[in-house]
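So the structure is just underneath, and the comments pick up after that.
Values in this text are rule-based calculations from the coordinates and carry no lab data. Keep in mind it's a predicted model, so treat the numbers as computed, not measured. Positions of Cβ are generated from backbone atoms using ideal geometry, with glycine treated the same way; all protein chains shown enter the neighbour counts.
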Amino acid sequence: MSADGPHPQNPYDMDETCKNCPALVETREQVVHGYGDVAADVIVLGTEPTAGADRTGVPFTGDETGEAVQELLGGLGFSDSPPESTEPDLENVYLTYVTRCHHPDREATDEERRNCEGYRTAELRMINPELIVAVGQGSLEALAFEYTTRSADDLDVVAEHATTIRGRGFEILPTLPPAVATDEQWSTFREHFADELDRDYRQTKGQRRK
């Protein structure tokens, strides 16, 4: 990331004291907004912050799930930091979630997801990525209808894992969360992600930013 660019943590200065979801205000340590390169061609979109991300304030850090994602990004050339870094040095990738607050005992409700929709929509529109890595069922469902030609009921992350879905102006790469995926499934996704970068993305990288 350029030293002259915005700080990678919450670069769009989104509300860090958001109180739209009272139940989550009571359980979270902090609001976890996006992190990374605002000129990115790749967005990694998770469903909601893990306990580790809730502690660090940075998506996909602070626990085994975060380390798995950071290791993946490092192996593909998007990060120069060790997997355990809580402030990774990222290039051309942006990390974010569908919802921004952690609850230790349950997933976000439909209402809580709707309350966060404006944050996610704003990030996607401002970054305008080429690829979106959708980590988990919730993130894949959030991209349905508005961003694809398919309904949320038609998208199953288990069936779509390590495939490519054509979105509206970008491609979606669904994956099971690393905490759920087997070693073989995670390896398959890594290979598919790398193949997608080599086949399509790297051939056109930078053209739309000239």
Dimensionless Rg/Rh of the range 9-153 - Kirkwood Rh, Rg from C-alpha atoms: 0.94
Of 182, 148, 56, the one that fluctuates the most in a GNM where the chain has Cα springs shorter than 10 Å: 182
Added length on full extension, which subtracts the Cα-Cα distance from 0.36 nm per residue, residue 187 to residue 80: 36.5 nm
Residue 16-residue 106 FRET efficiency (beta carbon distance; Förster radius 25 Å; 0.05 resolution): 0.65
D_trans [Stokes-Einstein, Kirkwood Rh over alpha-carbon pairs] for the range 67-199, 20 °C, 1.002 mPa s, µm² s⁻¹: 137
Beta bridges by DSSP in the range 22-204, antiparallel share as percent, to the nearest 5: 25
3J(HN,Hα) from dihedral phi, the range 161-177, Karplus parametrisation 6.51/-1.76/1.60, rounded to Hz, x for glycine, proline: 3, 6, 10, 10, 10, 6, x, 8, x, 8, 10, 10, 10, x, 8, 5, x
Choice from 129, 82, 178 with maximal GNM fluctuation in the chain (Cα, 10 Å cutoff): 82
Selected from 117, 71, 184 as most flexible by GNM, with the chain as the system and alpha-carbon contacts under 10 Å: 184
Label point distance in nm, residue 9-residue 163, each placed 7 Å from Cα along Cα→Cβ: 3.9
